[in-house]
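Structure first, then comments.
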Amino acid sequence: MSKFYITTPIYYVNDKPHLGHAYTTVAADVLARYHRMIGDKVFFLTGTDEHGLKIRKSAEKAGKTPQEWCDENSAKFELVWDSLNISYDNFIRTTNPSHIEVVKRAIKELVEKNLIYRGKYEGLYCVDCEQYYSPKELINGLCPIHRKKPVKLVEDCYFFKLSAFQKILLKLIDDKGLIIEPEERKNEVLGFLKSEKLEDIAITRERVRWGIPFPENESQTIYVWIEALLNYLTGIGWQGDPKELPEFWPPDIQLMAKDILRFHAVVWPAMLLALEIPLPKKIFAHGFFTFAGQKMSKSLGNIIDPVEIANLFSSDGLRYLLLASVPFGQDGDISRGKFYDRYNSDLANGLGNLVSRVLKLAKNKKITVYRDKNFQEKVKVIWSNYQKALEELAFEKAISEIQSFISFVNQFIDEKEPWKLTKTDINEFNNVIYTLLESLRHLAWLIYPFMPETSNKIFSALGIDKDEKTKEFTEAKKFGEVKFEKISQCSPLFPRL
Ligand code: MSP
């Protein structure tokens with residue numbers, strides 16, 4: 001049994017959960033469920049990022065304490081993830097006292113190693129980003145994200161010697177000691193590391209009063225990004241001793257969108273190198289999507305609530321549609337219209353229709369085991385392509401394997417016309433229906449990571465209980481071993497919209 005540790009970013013608690021957050025979280029959930037399904041020991045971490053000036057300001061505006069504000073907003077994320085069946089193993093909040101304590105220990109460790117020093121920082125600061133920008137990064141003198149004029153600030157602060165890690169990072173990324181995917185994103189990071197001198201990074205703030213106090217000087221707080229990154233360690237129970245790492249460390253995949261790749265591919269590994277902690281195995285930065293051609297943003301007022309979309313298409317429907325719509329890793333556009341089309345073609349007419357067709361044919365029939373050679377070969381190929389796709393995080397390819405299997409089975413029904421066989425060839429009827437039921441069982445497995453509720457409905461219609469379902473995956477992948485004893489009908493899985 002191998003272990004599999006996967007993380008999403010921890011989302012800013014100031015924002016409402018939106019479809020962009022759901023995208024990363026659903027993708028991570030599919031991988032977590034897939035790895036559980038193949039028998040791996042999985043830990044899936046997500047959570048909320050809860051410090052910073054912006055949060056304090058929003059709380060003030062709402063007449064709440066920052067902690068109350070964080071509690072309320074963080075709970076919203078948990079609720080949304082529950083309604084999307086996100087099977088996280090821990091939901092980390094950076095205001096957890098345990099996170100705070102461990103972060104302080106880690107920072108002390110870096111101070112002791114002389115990798116943190118005191119200095120003065122002067123720069124152009126965007127309050128909304130809580131980030132300094134170099135003049136080069138500004139667009140017409142404005143913050144590239146908020147299009148606001150940054151303010152000039154000078155402050156006492158502490159620096160982390162990021163510059164000391166430039167060479168080793170370059171080498172690690174080049175030699176695949178640190179895997180960054182997709183290739184295009186890796187090249188971006190390499191390009192940056194080759195062309196620019198890494199500057200030391202200011203890791204404390206004087207002005208931010210809602211943060212973790214810097215242990216050496218409590219008039220300063222630790223820069224949110226620095227402590228937020230440490231969630232990946234504190235979230236699995238790290239106590240702050242680099243020599244005693246939790247069993248799940250290092251992460252097998254750290255998932256995020258390209259917007260925050262640099263923090264994860266440069267600052268984060270440098271912090272780990274500094275602490276002498278092994279690096280994550282893979283950092284994967286997927287693309288950004290727009291909704292109906294527009295960037296989702298608060299100012300445009302077009303933030304899409306994932307629950308609203310799940311109410312239209314069901315939670316499984318949304319999970320499927322998110323990952324079927326855009327090749328993972330690339331940018332793309334999604335829209336309600338595209339979702340309706342895909343829902344109707346793939347889920348209502350495709351999967352849903354096939355399941356109800358087969359269950360009707362099998363109603364009240366006694367069916368004995370039969371091994372169809374063609375199907376045995378077919379599912380072998382499907383599983384192999386599907387698994388390869390998921391190992392590569394090519395969700396859309398795994399989905400097209402599922403669709404191709406559905407077409408294959410539909411074609412088989414059209415050829416065999418089983419409804420005629422009851423009168424002409426009862427043996428052949430049995431074999432065809434067994435093959436169809438066995439195909440549904442395989443489909444239930446194939447869709448499980450993407451659509452766990454639908455998968456469970458199919459399993460229970462087939463009379464397969466949980467125990468049998470969790471038996472060895474290699475057994476489950478065989479075709480023609482399982483007996484079907486009590487077939488029941490299920491209500492339409494995906495009503496046509
Ligand atoms: N709090 C930081 C992360 C700290 S991790 C140590 C943060 N939070 S965030 O709430 O802004 O979330 C950013 C992430 O949300 C992206 O990396 C991505 O995973 C997801 N997405 C937000 N909008 C998205 C799209 N429009 N498209 C795709 N992913 C999106 O950054």
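The values are calculated or read from the model by the stated rules, or taken from the named source; none is laboratory data. Please read these numbers as outputs of a predicted model, since none were measured by experiment. We place every Cβ from the backbone using ideal geometry, glycine too, and count neighbours over all the protein chains shown. These area figures cover heavy atoms from the full protein model, side chains too; ligands, DNA and RNA do not enter into them. Shrake-Rupley method; radii C 1.70, N 1.55, O 1.52, S 1.80 Å.
Couple of notes before you dig in:
- Selection count, the range 285-298, where residues are more than 7 Å from the ligand (Cβ to nearest atom), touching a helix residue (DSSP H, G or I) at 6+ places or on another chain (Cβ under 8 Å) and not in a loop (DSSP other than H, G, I, E, B): 2
- Residue 15 being modelled with pLDDT under 95 and among the acidic types (Asp, Glu): yes
- Listing of helices (runs of 4 or more DSSP H) fully contained in the range 181-264 that carry 2 or more residues being open to solvent by less than 30 Å² (accessible area, probe 1.4 Å) and away from the ligand (no atom under 16 Å from the Cβ): 183-195
- Just one residue in the set 105, 93 is of a type in the set (Lys, Arg) and either away from the ligand (no atom under 16 Å from the Cβ) or modelled with pLDDT under 95 (or both); that residue is 105.
- The range 169-180, residues that are assigned to a helix (DSSP H, G or I) and loosely packed, with under 14 Cβ neighbours inside 10 Å: 171, 174
- Selection of the range 264-322 for residues being closer than 30 Å to residue 166 by Cβ and either small (Gly, Ala, Ser) or at pLDDT below 95 (or both) yields 265, 270, 274, 285, 287, 288.
- Filtered residues of the range 242-264 (kept if touching a helix residue (DSSP H, G or I) at 6+ places or on another chain (Cβ under 9 Å), free of Cβ contacts under 8 Å to residues at least 60 places away in the same chain and over 26 Å from residue 40 (Cβ atoms)): 263
- The range 11-27 - residue that is assigned to a helix (DSSP H, G or I) and among the hydroxyl-bearing types (Ser, Thr, Tyr) and, of those, farthest from the ligand (Cβ to nearest atom): 25
- Enumeration of residues in the range 50-70 that are over 15 Å from residue 228 (Cα atoms), of a type in the set (A, V, I, L, M) and open to solvent by less than 40 Å² (accessible area, probe 1.4 Å): 59
- Qualifying residue in the range 161-169 (condition: within 30 Å of residue 297 (Cα to Cα) and of a type in the set (Gly, Ala, Ser)): no
- Some residue of the range 350-363 being farther than 30 Å from residue 421 by Cβ, in contact (Cβ under 8 Å) with a residue 40 or more places away in the chain, more than 13 Å from the ligand (Cβ to nearest atom) and open to solvent by 20 Å² or more (accessible area, probe 1.4 Å): no
- Of all residues in the range 305-340 being touching a His at 6+ places or on another chain (Cβ under 8 Å) and buried (at least 16 other Cβ atoms within 10 Å of the Cβ), the one that is nearest to residue 31 (Cα to Cα): 328
- Residue 364 meets all of the listed conditions (1) modelled with pLDDT of 95 or more; (2) over 23 Å from residue 313 (Cβ atoms) but one, namely (1).
- No other residue among 301, 337, 317 is away from the ligand (no atom under 13 Å from the Cβ) and either under 20 Å from residue 83 (Cβ atoms) or in contact with a helix residue (DSSP H, G or I) (Cβ under 9 Å, 6 or more places away or on another chain) (or both) apart from 317.
- Matching residues in the range 51-80 - criterion: being within 16 Å of the ligand (Cβ to nearest atom) and touching a Pro at 6+ places or on another chain (Cβ under 8 Å): 55, 56, 76, 77, 80
- When residues in the range 381-396 are screened for being touching a residue at least 60 places away in the same chain (Cβ under 8 Å) and assigned to a helix (DSSP H, G or I), 7 of them pass.
- Restricting attention to the range 285-302 and to residues that are of a type in the set (Ser, Thr, Tyr) and open to solvent by less than 70 Å² (accessible area, probe 1.4 Å), the residue that is nearest to the chain's Cα centre (by Cα) turns out to be 290.
- Residues in the range 266-284 that are open to solvent by less than 30 Å² (accessible area, probe 1.4 Å), part of a loop (DSSP other than H, G, I, E, B) and away from the ligand (no atom under 13 Å from the Cβ): 277, 279.
- Which listed residue is of a type in the set (Phe, Trp, Tyr), buried (at least 21 other Cβ atoms within 10 Å of the Cβ) and either more than 19 Å from residue 322 (Cβ to Cβ) or under 24 Å from the mean Cα position of the chain (by Cα) (or both), from 23, 12: 23
This table checks each residue for (1) open to solvent by 40 Å² or more (accessible area, probe 1.4 Å); (2) β-branched (Val, Ile, Thr).
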position: 389; (1), (2): no, no
position: 402; (1), (2): no, yes
position: 409; (1), (2): no, yes
position: 422; (1), (2): yes, yes
position: 441; (1), (2): no, no
position: 447; (1), (2): no, yes
position: 450; (1), (2): no, no
